[in-house]
Structures are given as structure tokens and as C-alpha cells.
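Peer 1: Have a look at this one before I ask anything.
Laboratory data are not the source of any read-out in this text; all were calculated from the coordinates shown. It should be emphasised that the depicted structure is a prediction, and the values quoted were computed from it without experimental measurement. Cβ: placed from backbone, ideal geometry, glycine included. Neighbour counts: every protein chain shown.
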Amino acid sequence: MGLFGRPWLEEWSRGRITLLGDAAHPMLPFLGQGAANAIEDAMILARCLTSEAAPERAFALYQRTRGPRARAATEQAAQRGDRYLGEPNAESLKGNEPGQEYAYDAVSGPLGG
């Protein structure tokens, strides 16, 4: 089975419905952050829903807050996947050290960007 990237969705919400996790921003598995991003999405979405009276405004805040991080993780996963083409070697494994993806605080970080 092949692995395929998907185009970035510019809008995750329509009316009173929103997407999260891979439904909103599918990412290739090479960064190991797909499930973590879905959990972060859920936490931020819950925080946005408690901070905004109208669901549509909460969803917009949610996407503003999560969009940059989710997009960066999606792009990093694709870049890392490009390095893994063929047989792994010392050169292709450079840059695999944990980075900022582990420093994100979905519980108390700022909302909106």
C-alpha cells in the first residue's frame, strides 16, 4: 500500500461542523506526530469552544491556533519521508533528533496564533 500526501485544506469548518486530526490535516507517518496532533487539536478545540460563545467563532480561533503547527508538522513529515526513500544510512538519518514538536503546550499555550 502506498503513502500519499494530500493538499492542505484552507478551511476546516463549515457552519457548526469542524474537522480535526487527519480529517483536517492528514500527515505522512514519518514524524510520528499524527496522533499527537489529533490530541492537540482536541484540546485546543475544547479550549476554543469554552472561550467563544458562537461555535463558528470558536472554530475559526481553533484553526488560527492549530493551523501553523499542523502545517509545519505535515511539511516536516513529508520532508523526512523524502529522506527515507531507499535504504536508510547514516546520511539519511541525520536530522532525526527530536525538535520543537515536543515542546508544544496545548493545555495552556496562547490561542489565536
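Peer 1: Taking neighbour counts of Cβ atoms within 10 Å as a proxy for exposure, in what order, fewest first, do 17, 44, 39 appear?
Peer 2: Working: 17 9, 44 23, 39 12.
Listing 17, 44, 39 from fewest to most nearby Cβ atoms yields 17, 39, 44.
Peer 1: Also, I was wondering about something else. Which order do 51, 13, 108 fall in if you start with the one that has the fewest other Cβ atoms within 10 Å?
Peer 2: Numbers: 51 12, 13 17, 108 7.
Ordered from fewest to most neighbouring Cβ atoms within 10 Å, 51, 13, 108 come out as 108, 51, 13.
Peer 1: Neighbouring Cβ atoms within 10 Å as the yardstick, rank 47, 66 fewest first.
Peer 2: Result, fewest neighbours first: 47, 66.
Peer 1: Sticking with this structure for a sec: Roughly what percent of Cα-Cα pairs across segment 10-91 reach past 20 Å?
Peer 2: On the way: 1260 of 3321 pairs.
Roughly 38 percent, rounded to a whole number.
Peer 1: Could you check the simple spin-label distance between residue 23 and residue 50, using points 7 Å along Cα→Cβ, in nm with one decimal?
Peer 2: Placing both labels 7 Å beyond Cα along the Cβ direction yields 2.2 nm.
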